[in-house]
Structures are given as structure tokens and as C-alpha cells.
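Structure first, then comments.
The values are calculated or read from the model by the stated rules, or taken from the named source; none is laboratory data. Keep in mind that this is a model prediction, so the values were computed, not measured. FYI the Cβ positions are ideal-geometry reconstructions off the backbone, even for glycines, and counts take in every protein chain you see. Keep in mind that these areas ignore ligands, DNA and RNA; they rest on the heavy atoms of the full protein, side chains included. Shrake-Rupley method; radii C 1.70, N 1.55, O 1.52, S 1.80 Å.
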Amino acid sequence: MRKSLLVFVILLVAPIAASAARYLLGDRAVDWQTADRSSAGLLPQPAAHPEALVRVYAARTVRWRGIFAVHSWIVVKERNARNYTRYDYTAWGEPIRINGFAPDGRWFGDTPKTIAAVDGEAADPMIPKIRAAVEGYQLRSYGDYRAWPGPNSNTFVTAVLAAVPELQATLPPTAIGKDFPYNGGIFGLTPSGTGIRITLGGYLGLTVGWIEGLEINLLGAVFGLDLRRPAVKLPGLGRLGFGY
């Protein structure tokens, strides 16, 4: 019993405490209303990049919630398009926001990480699927958003990823809400289509897939392993190893 408790403390409390220390000692504990939301310079000017483009980004969310979770969003651009289109799912206003922020903007001071990137001919057929998934997303009414356990921004992005399995992408373990059952099912394939996942309302879950790795969800806290790109997955800290 003591050993089990020690393991639990190490895997849950210690990573979150380390994430909290990083938050308090860093520059994220600033007034969210004045935090930087400008472009992080991750995307070229559309005119300089005529090819089609798909990006998935994630950045630590606002204020103390950033200790635990990230906010994710999707950016697309058709071939020869003059502008990018950014899709977010937020707690304020109409849940699905289109171009509410700079495509590669810092999320209230935090520089986003690129979760997935596809360009050119490979991106061309993905964009109509992404737009259709956004339009068909069911949890889009006022009042649907819930920070925990979902549906939130990460639930939305996960649903879109599931509509484009060829993107072969998965959100980080700190994307709380990604395990919420956006389609109402307990059992199903992983968004990449390379494995299976079981979720009980987003509170408990198990994911096993080649792209997603092995993940155990306990009240939104995700523990796991990634064998494809060797890494451990911990609450608060996210991935420790190769990859984002």
C-alpha cells in the first residue's frame, strides 16, 4: 500500500508541483488581459508560401490553468490562398471562433508548439475534411464549453483530428479534454486510426495506439509512454523525451 501511494505521489503530485514551480518562477504569471497574443513567427506570409498548409498548435492556457493544461487550435490555408484560417473553441462568445487571433499567435504570453505540420499536395485533400469537421461539430452551442473534463478546445481539436486520420497527429498529454467523448461513445478508434480508446465521460480512460502511445487518463491527468518517439507522459509537465 505504501509503495502504491509513493508511486502515485511521484507520478501525479511531483510533476504537477514541478509545473507549478515553473509557472510561478517564469513569466506566465502576468495579467492575462495584457499578455502577449502577437504572432510568434511560426508561419510564413501567405504570399510567400503558395502551397496548401495545415498546422495544429498547442500552448499553455490562461493563468494558473496553464500549470495543468494547454489550449490547442488548427490553422489551414488552401493553395494560393491569401490568408490563413484559424479555428479555436473557447469559453467566451460563440464557442467556435474563426480568425479570432493571429494564426500562430502566442496564447496569452505562451509561445505555441507545433503539434502537426503538413504542406503541399499532402495538405490539399485534408483541408476540405477539416472544414467539414468544423462545420459538423455537434458541441458548438452556447453553454456547451466546459474546461473540465470537456468539451473544451482540446475536445474540439481531437474531433477534427479524428476526421483526418491521415494527419497522424495526437495532442499532448496536457491537452485536458482530449479524452472527452465528443461523439458520445465509450469505445472507439483513436483519432489517428492506429489504435483504440476507452473513455468514461473524460474522467477515466485508456488509449492504446501507434501514434498516441499508451495513455491512462485519471480525472484528466494523463500518464503514459510513447514508444514511437520515446518519451514518458506526465500530468502538468507533458512529454519528456523526443518530440514536442
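Quick notes
- Relative contact order for region 86-137, counting Cα pairs under 8 Å that sit 6 or more residues apart, in percent: 19 percent
- Between the residues GLY177, TYR142, ALA132, the greatest Cα displacement towards the positive end of the dipole of region 124-244, with unit charges on the Cβ of Lys, Arg, Asp and Glu, is found for GLY177.
- Protection proxy ranking of 140-148, 179-187, 203-211 - average other beta-carbon atoms within 10 Å, highest first: 203-211, 179-187, 140-148
- Rolling a 1.4 angstrom probe over the chain with all protein chains present gives an accessible area of which 62% lies on carbon and sulfur atoms.
- Peptide packing for 213-220, 105-112 was compared via the average number of neighbouring C-beta atoms within 10 Å per residue; ordered from the highest value, the list is 105-112, 213-220.
- For region 1-132, a Kirkwood hydrodynamic radius built from all Cα pairs, placed in the Stokes-Einstein relation at 25 °C and 0.890 mPa s, yields a translational diffusion coefficient of 147 µm²/s.
- Accessible area of the chain divided out per residue, in Å², using a probe of 1.4 angstrom: 48 Å²
- Amide hydrogen proximity for ARG60: with H placed 1.01 Å from N in the peptide plane, the residues at 5 or more positions away or on another chain lying under 5 Å are HIS71.
- Rg ratio (alpha-carbon, reference 2.2 N^0.38 Å) - the chain: 0.99
- Degrees separating the helix 14-25 axis from the principal Cα axis of the chain, which is the longest one: 60 degrees
- Mean Cβ neighbour count within 10 Å, used as a protection proxy, ranking 61-72, 35-46 highest first: 61-72, 35-46
- For region 122-211, a/c is not less than 1.5, where a ≥ b ≥ c are the root eigenvalues of the C-alpha gyration tensor, and a/b does not top b/c. That puts it in the oblate class.
- Nearest-20 debye value, region 12-152 charge dipole, Cβ charges on Lys, Arg, Asp, Glu: 280 debye
- Percent RCO, i.e. relative contact order, over the chain, from Cα pairs under 8 Å lying at least 6 residues apart: 17 percent
- All Cα-Cα distances of region 167-244, cut into 10 Å bins from zero to the largest, leave 22, 59, 19, 0 percent in each bin in turn.
- Contact order normalised by residue count of region 1-140, Cα under 8 Å, 6+ apart, percent: 28 percent
- The chain, dipole about Cα centre (Lys/Arg Cβ +1, Asp/Glu Cβ -1), debye to the nearest 20: 580 debye
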